[in-house]
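Presented below is the structure to which this report refers.
None of the figures in this text is laboratory data; all of them are computed from the coordinates on show. Computed from a predicted structure; not experimentally measured. So basically every Cβ, Gly included, is an ideal-geometry build from the backbone, and we count neighbours across all protein chains shown.
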Amino acid sequence: MKHITVLVFPRALGTSITLPVEMFNAADVMMRLKDPRRPPLKIDLASVEGKPIEITGGLVFQSIRKLSEIESTDLVIIPAMWGNPMPVINRYPMITRWILEQYKNNSLICATGTGCCFVAETGLLDNKPATTHWYYFDQFRKHYPKVKLETKRFITNAGNIYCAGRINSITNLIIHFIERFYSNDIARQIDRHFAHEIKQSYESIFYSFDDHSVHHDEEIIQAQQWILRNYSGSFTIQGVASHFDMSLRTFNRRFKLATGLTPMEYLQSIRIGTAKDLLKQSNLSVADISYKVGYSDPGYFSKQFKKQVSLNPKSYRRLVRSKLFSIDP
């Protein structure tokens, strides 16, 4: 029987706890539908005190095991924290010691965002690649100078240690672990349920992601934020460049250098990404969604959507909705 331990501590972000639990539970249900004799997966939420604990947003987890009671586990999941992680890390040195013990017992260690600081605190990441949330890059370098911080990677892997720079990336890692714990077929099904858009192999994703927001050109970051706030309106890239006191040529050059995309490509990615969410979660017509995300011509919107997603909007809506909560026979 496989055993997973998910750490819980104050200021943890709930999504980085609940999403892995839900994905693993779904995988286990699918596996036992095929093999009823298979022992069920055991998942423990664990804290130092072993008592109900409140995390970010006022959420309270009731069923909590005491960390010292767990002597061995197959996978340790360390959630991200909201805000500066150091007060929590300094408050709970036992968590650091426990992680080190589990690593010595050959457990897989998976940390998200600032939760990666717990692993760095053990010294296990010295001279090894790691990542964390982009906002804390400088602080991470200061506290853990021996760690090879990968600022352009969402996911890193060093032996049995996996780091995800943001909560969205944990989905990819959990799919990878599901493939290891169960099978490629189960992993593909969970992929379709929780992350339809992901098409890369699970091994190749670890070093292939490049966050368009992780760079240090402050003016381009401000321009990205402006576009994100105004993507549904009518404006020109020339107008955005002028807003930030740059020529169009300089703006295009700096934007491409910082993000790897042209300003128009970045704008299109935001509009199409928002449209995908609306197609999946709303009953708005394709034309209404087109106008809502900033396209005045639904035909042009459909053409751009198919160019990026390889499906037209109606086909994409049918596909993602047909995959929700259905189990392949």
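What to note about this one:
- Look at 29, 240 and count the other Cβ atoms within 10 Å of each Cβ; fewest to most, that gives 29, 240.
- Evaluated with a Cβ-only charge set (Lys, Arg +1; Asp, Glu -1), segment 3-207 carries a dipole of roughly 220 debye about its Cα centre, given to the nearest 20.
- Here the calculated FRET efficiency for residue 126 and residue 185, from their Cβ-Cβ distance with R0 = 35 Å, stands at 0.40, rounded to the nearest 0.05.
- Helical runs assigned H by DSSP (4 residues or longer) give the chain a calculated mean residue ellipticity at 222 nm of -15000 deg cm²/dmol, each run adding -39500 (n - 2.57) before division by the residue total.
- Highest-fluctuation residue, 183, 234, 63 considered, GNM on the chain with Cα pairs under 10 Å: 234
- Only Lys, Arg, Asp and Glu carry charge here, each on its Cβ (+1 for the first two, -1 for the last two); on that basis segment 97-144 has a dipole of about 40 debye about its Cα centre.
- 0 to 90° range, to nearest 10: angle between helix 167-181 axis and the chain longest Cα axis: 50
- Put in order of Cβ neighbour count within 10 Å, fewest first, the listed residues 193, 3 become 3, 193.
- Top of 68, 242, 16 by mean-square fluctuation, Gaussian network on the chain, Cα under 10 Å: 242
- Look at the dipole of the chain built from charges on Cβ: of 235, 298, 29, the Cα furthest out on the positive end belongs to 298.
- Taking amide H as placed 1.01 Å from N in the peptide plane, the amide H of residue 43 sits under 5 Å from that of 4, each at least 5 places away or on another chain.
- Rounded, prolate or oblate (a/c below 1.5 giving rounded, otherwise prolate when a/b exceeds b/c) for segment 3-207 by Cα gyration tensor: oblate
- Cα gyration tensor, segment 40-101 - rounded (a/c under 1.5), prolate or oblate: oblate
- Rounded to the nearest 20 debye, dipole of segment 27-97 from Cβ charges on Lys, Arg, Asp, Glu: 160
- Pairs of Lys in segment 218-323 closer than 23 Å at Cα, counting only those 8 or more apart or on different chains: 22
- Segment 145-199 shape via C-alpha gyration tensor axes, a/c threshold 1.5: oblate
- Rounded to the nearest whole Hz, the Karplus-based 3J(HN,Hα) values (6.51 cos²θ - 1.76 cosθ + 1.60, θ = phi - 60°) of segment 34-44 follow the sequence 7, 9, x, 7, 5, x, x, 5, 10, 10, 10, with x at glycine and proline.
- Charge-dipole axis of the chain as Lys and Arg at +1 and Asp and Glu at -1 on Cβ define it, positive-most pick from 40, 14, 81: 40
- Projecting the Cα atoms of 167, 316, 149 onto the charge dipole of the chain, computed from C-beta unit charges around the Cα centre, puts 316 farthest toward the positive end.
- Considering only 119, 60, 76, the Gaussian network model of the chain with Cα springs below 10 Å gives its largest mean-square fluctuation to 60.
- Taking the DSSP beta bridges with both ends in the chain, the antiparallel portion is around 30 percent.
- Nearby lysines by direct alpha-carbon distance to residue 148 (threshold 16 angstrom, same-chain neighbours under 8 apart not counted): 128
- Order of 30, 94, 23, 81 - criterion: other Cβ atoms within 10 Å of each residue's Cβ, fewest first: 94, 30, 23, 81
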